Amino acid sequence: ARPYSFGLLFVMLAFWGLVSFRTYRLHLYLVLFTVSTALAGLTHYFALVQVIIISFFWWLGQSTSAKKSILMASIFAFLLFLPHWSITMHHLSIGGIGEWLKKPNADFWWQTIQFVFHYHWLVPAFVLAFVLLGIRDVPIKLEHWLARFLLVVASVLPFTIAYYYSVYENPLLHFGTVFFSFPFFILLFSSFVGFPKRILPVLFVLITLFGAAQVWVGRQHKTLNQTTEYMAPFKWAATFQNK
(Lines give C-alpha, C1' and ligand atoms only; values in the text may rest on other atoms or scores of the structure.)
Protein backbone atom coordinates (compact mmCIF):
# COMPACT_ATOMS: atom_id res chain seq x y z
CA ALA A 1 0.00 0.00 0.00
CA ARG A 2 2.98 2.32 0.44
CA PRO A 3 4.76 3.98 -2.49
CA TYR A 4 8.37 3.09 -1.80
CA SER A 5 8.65 -0.18 -3.70
CA PHE A 6 7.05 1.21 -6.84
CA GLY A 7 9.00 4.45 -6.52
CA LEU A 8 12.23 2.49 -6.28
CA LEU A 9 11.24 0.43 -9.33
CA PHE A 10 10.68 3.55 -11.44
CA VAL A 11 13.92 5.17 -10.24
CA MET A 12 15.92 2.10 -11.24
CA LEU A 13 14.12 1.80 -14.59
CA ALA A 14 14.92 5.44 -15.38
CA PHE A 15 18.57 4.90 -14.48
CA TRP A 16 18.70 1.69 -16.51
CA GLY A 17 17.24 3.61 -19.45
CA LEU A 18 20.07 6.17 -19.27
CA VAL A 19 22.76 3.50 -18.97
CA SER A 20 21.32 1.43 -21.81
CA PHE A 21 20.95 4.48 -24.08
CA ARG A 22 24.62 5.27 -23.61
CA THR A 23 25.56 1.67 -24.43
CA TYR A 24 23.25 0.94 -27.36
CA ARG A 25 22.18 4.42 -28.56
CA LEU A 26 18.60 3.20 -29.06
CA HIS A 27 16.01 5.88 -28.42
CA LEU A 28 13.65 3.21 -27.13
CA TYR A 29 15.64 3.35 -23.89
CA LEU A 30 14.96 7.08 -23.67
CA VAL A 31 11.25 6.30 -23.96
CA LEU A 32 11.71 4.02 -20.95
CA PHE A 33 13.52 6.85 -19.15
CA THR A 34 10.74 9.33 -20.00
CA VAL A 35 7.87 7.12 -18.81
CA SER A 36 9.73 5.93 -15.71
CA THR A 37 10.64 9.48 -14.69
CA ALA A 38 7.02 10.62 -14.96
CA LEU A 39 5.82 7.58 -13.01
CA ALA A 40 8.48 8.18 -10.34
CA GLY A 41 7.14 11.71 -9.87
CA LEU A 42 3.56 10.48 -9.68
CA THR A 43 4.53 7.85 -7.10
CA HIS A 44 6.70 9.82 -4.66
CA TYR A 45 8.28 13.27 -4.88
CA PHE A 46 11.61 12.08 -3.52
CA ALA A 47 11.69 9.37 -6.16
CA LEU A 48 11.47 12.20 -8.69
CA VAL A 49 14.19 14.13 -6.83
CA GLN A 50 16.39 11.03 -7.06
CA VAL A 51 15.86 10.76 -10.84
CA ILE A 52 16.53 14.50 -11.34
CA ILE A 53 19.82 14.31 -9.44
CA ILE A 54 20.98 11.23 -11.34
CA SER A 55 19.89 12.60 -14.70
CA PHE A 56 21.55 15.99 -14.25
CA PHE A 57 24.97 14.64 -13.31
CA TRP A 58 24.69 11.88 -15.90
CA TRP A 59 23.78 14.48 -18.54
CA LEU A 60 26.90 16.52 -17.78
CA GLY A 61 29.16 13.66 -18.85
CA GLN A 62 27.50 12.86 -22.18
CA SER A 63 28.29 13.92 -25.73
CA THR A 64 26.51 16.91 -27.27
CA SER A 65 24.10 14.78 -29.30
CA ALA A 66 23.31 12.58 -26.30
CA LYS A 67 22.72 15.69 -24.17
CA LYS A 68 20.11 16.92 -26.65
CA SER A 69 18.34 13.55 -26.69
CA ILE A 70 18.29 13.26 -22.90
CA LEU A 71 17.07 16.85 -22.57
CA MET A 72 14.18 16.17 -24.96
CA ALA A 73 13.32 12.98 -23.06
CA SER A 74 13.29 14.98 -19.81
CA ILE A 75 10.97 17.60 -21.33
CA PHE A 76 8.56 14.87 -22.46
CA ALA A 77 8.68 13.40 -18.93
CA PHE A 78 7.70 16.79 -17.52
CA LEU A 79 4.81 17.01 -20.00
CA LEU A 80 3.56 13.61 -18.82
CA PHE A 81 3.79 14.85 -15.24
CA LEU A 82 2.16 18.22 -16.04
CA PRO A 83 -1.49 17.20 -15.26
CA HIS A 84 -0.34 16.63 -11.67
CA TRP A 85 1.36 20.03 -11.41
CA SER A 86 -1.51 21.83 -9.64
CA ILE A 87 -1.61 19.08 -7.00
CA THR A 88 2.15 19.38 -6.53
CA MET A 89 1.87 23.14 -6.02
CA HIS A 90 -0.84 22.53 -3.42
CA HIS A 91 1.38 20.04 -1.61
CA LEU A 92 4.28 22.50 -1.63
CA SER A 93 2.02 25.24 -0.22
CA ILE A 94 1.13 22.95 2.68
CA GLY A 95 4.80 22.27 3.31
CA GLY A 96 4.85 19.40 5.79
CA ILE A 97 2.60 16.47 6.62
CA GLY A 98 1.25 17.51 9.99
CA GLU A 99 2.48 16.39 13.38
CA TRP A 100 3.42 12.87 12.30
CA LEU A 101 7.09 13.76 11.76
CA LYS A 102 9.38 15.87 13.93
CA LYS A 103 12.46 17.79 12.93
CA PRO A 104 15.46 15.44 12.72
CA ASN A 105 17.96 15.57 15.55
CA ALA A 106 21.70 15.82 15.14
CA ASP A 107 22.04 12.04 15.56
CA PHE A 108 19.88 11.33 12.48
CA TRP A 109 22.96 10.57 10.37
CA TRP A 110 24.17 7.97 12.85
CA GLN A 111 20.69 6.45 12.99
CA THR A 112 20.69 6.34 9.19
CA ILE A 113 23.97 4.42 9.14
CA GLN A 114 22.54 1.99 11.68
CA PHE A 115 19.38 1.60 9.60
CA VAL A 116 21.38 0.84 6.43
CA PHE A 117 23.35 -1.85 8.25
CA HIS A 118 20.32 -3.41 9.99
CA TYR A 119 21.29 -2.16 13.46
CA HIS A 120 23.97 -4.81 13.86
CA TRP A 121 27.76 -4.47 13.90
CA LEU A 122 28.23 -7.72 11.96
CA VAL A 123 26.96 -6.29 8.66
CA PRO A 124 29.39 -3.33 8.38
CA ALA A 125 32.20 -5.60 9.56
CA PHE A 126 31.31 -8.11 6.86
CA VAL A 127 31.10 -5.39 4.20
CA LEU A 128 34.38 -3.80 5.28
CA ALA A 129 36.14 -7.17 5.13
CA PHE A 130 35.01 -7.70 1.54
CA VAL A 131 36.12 -4.19 0.56
CA LEU A 132 39.55 -4.60 2.10
CA LEU A 133 40.03 -8.00 0.47
CA GLY A 134 38.91 -6.87 -2.98
CA ILE A 135 40.06 -3.28 -3.22
CA ARG A 136 43.51 -4.18 -4.59
CA ASP A 137 41.88 -5.27 -7.85
CA VAL A 138 39.77 -2.12 -8.32
CA PRO A 139 40.54 -0.06 -11.46
CA ILE A 140 41.83 3.46 -10.81
CA LYS A 141 40.93 5.05 -14.16
CA LEU A 142 39.52 8.58 -14.06
CA GLU A 143 36.23 7.52 -15.70
CA HIS A 144 35.63 5.04 -12.89
CA TRP A 145 36.16 7.70 -10.24
CA LEU A 146 33.77 10.03 -12.06
CA ALA A 147 31.18 7.26 -11.98
CA ARG A 148 31.82 6.81 -8.26
CA PHE A 149 31.37 10.55 -7.76
CA LEU A 150 27.94 10.27 -9.41
CA LEU A 151 27.05 7.40 -7.07
CA VAL A 152 28.22 9.38 -4.01
CA VAL A 153 26.06 12.31 -5.06
CA ALA A 154 23.08 10.01 -5.75
CA SER A 155 23.53 8.40 -2.32
CA VAL A 156 24.09 11.51 -0.19
CA LEU A 157 22.45 14.54 -1.84
CA PRO A 158 18.81 13.40 -1.42
CA PHE A 159 19.50 12.84 2.29
CA THR A 160 21.03 16.30 2.56
CA ILE A 161 18.13 18.01 0.77
CA ALA A 162 15.54 16.22 2.89
CA TYR A 163 17.50 16.88 6.10
CA TYR A 164 17.88 20.63 5.66
CA TYR A 165 14.33 21.06 4.35
CA SER A 166 13.06 19.20 7.41
CA VAL A 167 15.16 21.34 9.78
CA TYR A 168 14.54 24.78 8.26
CA GLU A 169 11.15 24.40 6.52
CA ASN A 170 8.86 21.49 7.40
CA PRO A 171 9.66 17.98 8.62
CA LEU A 172 9.57 15.47 5.78
CA LEU A 173 12.50 13.26 6.59
CA HIS A 174 12.29 9.65 7.62
CA PHE A 175 14.07 6.55 6.38
CA GLY A 176 11.43 5.72 3.77
CA THR A 177 11.68 9.20 2.26
CA VAL A 178 15.20 8.55 1.03
CA PHE A 179 14.80 4.82 0.45
CA PHE A 180 15.35 5.50 -3.25
CA SER A 181 19.03 6.33 -2.63
CA PHE A 182 19.90 2.90 -1.28
CA PRO A 183 20.60 1.08 -4.60
CA PHE A 184 23.19 3.71 -5.48
CA PHE A 185 24.92 3.11 -2.18
CA ILE A 186 25.00 -0.59 -3.11
CA LEU A 187 26.46 0.25 -6.54
CA LEU A 188 29.05 2.52 -4.91
CA PHE A 189 30.07 -0.23 -2.53
CA SER A 190 30.23 -2.76 -5.37
CA SER A 191 32.61 -0.54 -7.33
CA PHE A 192 35.25 -0.98 -4.61
CA VAL A 193 35.07 -4.77 -4.61
CA GLY A 194 37.37 -6.32 -7.20
CA PHE A 195 36.12 -9.88 -6.87
CA PRO A 196 34.78 -11.82 -9.85
CA LYS A 197 31.16 -11.02 -10.60
CA ARG A 198 29.99 -14.46 -9.50
CA ILE A 199 31.05 -13.69 -5.91
CA LEU A 200 29.08 -10.45 -5.54
CA PRO A 201 25.64 -12.16 -5.66
CA VAL A 202 26.78 -14.43 -2.83
CA LEU A 203 27.73 -11.40 -0.76
CA PHE A 204 24.41 -9.65 -1.36
CA VAL A 205 22.40 -12.80 -0.68
CA LEU A 206 24.17 -13.21 2.66
CA ILE A 207 23.54 -9.56 3.59
CA THR A 208 19.88 -9.85 2.53
CA LEU A 209 19.34 -13.04 4.52
CA PHE A 210 20.97 -11.54 7.60
CA GLY A 211 18.92 -8.37 7.18
CA ALA A 212 15.69 -10.36 6.92
CA ALA A 213 16.58 -12.30 10.05
CA GLN A 214 17.43 -9.09 11.88
CA VAL A 215 14.09 -7.52 10.90
CA TRP A 216 12.19 -10.65 11.98
CA VAL A 217 14.09 -11.56 15.16
CA GLY A 218 16.18 -8.58 16.23
CA ARG A 219 13.79 -5.71 15.46
CA GLN A 220 10.60 -7.75 16.01
CA HIS A 221 8.72 -6.34 13.00
CA LYS A 222 6.32 -9.29 12.98
CA THR A 223 5.35 -8.62 16.59
CA LEU A 224 5.04 -4.90 15.89
CA ASN A 225 2.70 -5.47 12.95
CA GLN A 226 0.55 -7.81 15.02
CA THR A 227 -0.28 -4.90 17.32
CA THR A 228 -1.37 -2.57 14.50
CA GLU A 229 -4.09 -2.47 11.83
CA TYR A 230 -1.93 -4.71 9.62
CA MET A 231 -3.12 -7.66 11.69
CA ALA A 232 -6.81 -7.05 10.87
CA PRO A 233 -6.85 -9.12 7.62
CA PHE A 234 -5.34 -12.09 9.43
CA LYS A 235 -7.94 -11.86 12.18
CA TRP A 236 -10.68 -11.68 9.54
CA ALA A 237 -9.23 -14.73 7.76
CA ALA A 238 -9.12 -16.69 11.03
CA THR A 239 -12.76 -15.82 11.76
CA PHE A 240 -13.77 -16.82 8.23
CA GLN A 241 -11.98 -20.17 8.51
CA ASN A 242 -13.65 -20.92 11.85
CA LYS A 243 -17.05 -20.42 10.24
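The values are calculated or read from the model by the stated rules, or taken from the named source; none is laboratory data. Remember, it's a predicted structure, so these values are computed and weren't measured experimentally. In this analysis, Cβ positions are derived from the backbone assuming ideal geometry, glycine residues included, and neighbour counts consider all displayed protein chains. Note: accessible area is taken over every heavy atom of the protein model, side chains too, but ligands, DNA and RNA are not part of it. Shrake-Rupley method; radii C 1.70, N 1.55, O 1.52, S 1.80 Å.
Say whether the condition of being outside any helix (DSSP H, G or I), surrounded by 13 or more Cβ atoms within 10 Å (Cβ to Cβ), modelled with pLDDT of 75 or more and not small (Gly, Ala, Ser) is met by at least one residue in the range 122-138.
No, the range 122-138 contains no residue that is outside any helix (DSSP H, G or I), surrounded by 13 or more Cβ atoms within 10 Å (Cβ to Cβ), modelled with pLDDT of 75 or more and not small (Gly, Ala, Ser).
Run down 3, 104 and say which single residue is touching a His at 6+ places or on another chain (Cβ under 6 Å), open to solvent by less than 90 Å² (accessible area, probe 1.4 Å) and either under 25 Å from residue 156 (Cα atoms) or at pLDDT 95 or above (or both).
Only one candidate qualifies: 3.
Would you be able to tell me the number of residues in the range 32-68 that are farther than 22 Å from residue 2 by Cα, hydroxyl-bearing (Ser, Thr, Tyr) and open to solvent by less than 30 Å² (accessible area, probe 1.4 Å)?
At the first step, the residues of the range 32-68 found to be farther than 22 Å from residue 2 by Cα are 32-34, 53-68.
Remaining after also requiring hydroxyl-bearing (Ser, Thr, Tyr): 34, 55, 63-65.
Narrowing the set further to residues that are open to solvent by less than 30 Å² (accessible area, probe 1.4 Å) leaves 34, 55.
Number satisfying all stated conditions: 2.
Quick test for you: out of 178, 167, 153, pick the one residue that is surrounded by 14 or more Cβ atoms within 10 Å (Cβ to Cβ), at pLDDT below 80 and under 29 Å from residue 94 (Cβ atoms).
178
I'm checking my understanding of the structure. Among residues of the range 84-101 that are among the small types (Gly, Ala, Ser) and either touching a Cys at 6+ places or on another chain (Cβ under 9 Å) or open to solvent by 70 Å² or more (accessible area, probe 1.4 Å) (or both), which one is modelled with the highest pLDDT? Write out each step before concluding.
Let us first name the residues in the range 84-101 that are among the small types (Gly, Ala, Ser), namely 86, 93, 95-96, 98.
Keeping just the survivors that are either touching a Cys at 6+ places or on another chain (Cβ under 9 Å) or open to solvent by 70 Å² or more (accessible area, probe 1.4 Å) (or both) gives 86, 93.
On the way: 86: 92, 93: 81.
The selected residue is 86.
Given the structure, is residue 79 open to solvent by less than 70 Å² (accessible area, probe 1.4 Å), aliphatic (A, V, I, L, M), out of contact with any Asp or Glu (no Cβ under 6 Å at 6 or more places or on another chain) and modelled with pLDDT of 95 or more? Steps first, please.
Values: open to solvent by less than 70 Å² (accessible area, probe 1.4 Å): no; aliphatic (A, V, I, L, M): yes; out of contact with any Asp or Glu (no Cβ under 6 Å at 6 or more places or on another chain): yes; modelled with pLDDT of 95 or more: yes.
Answer is no for this residue.
Return yes or no: is residue 110 at pLDDT below 95 and either open to solvent by 90 Å² or more (accessible area, probe 1.4 Å) or of a type in the set (Lys, Arg) (or both)?
yes
Any idea how many residues of the range 144-191 are among the charged types (D, E, K, R) and in a helix (DSSP H, G or I)? So that I can check it myself, show each step before the final result.
Residues of the range 144-191 that are among the charged types (D, E, K, R), as a first pass: 148, 169.
Next, from what is left, pick out any that are in a helix (DSSP H, G or I): 148.
The total comes to 1.
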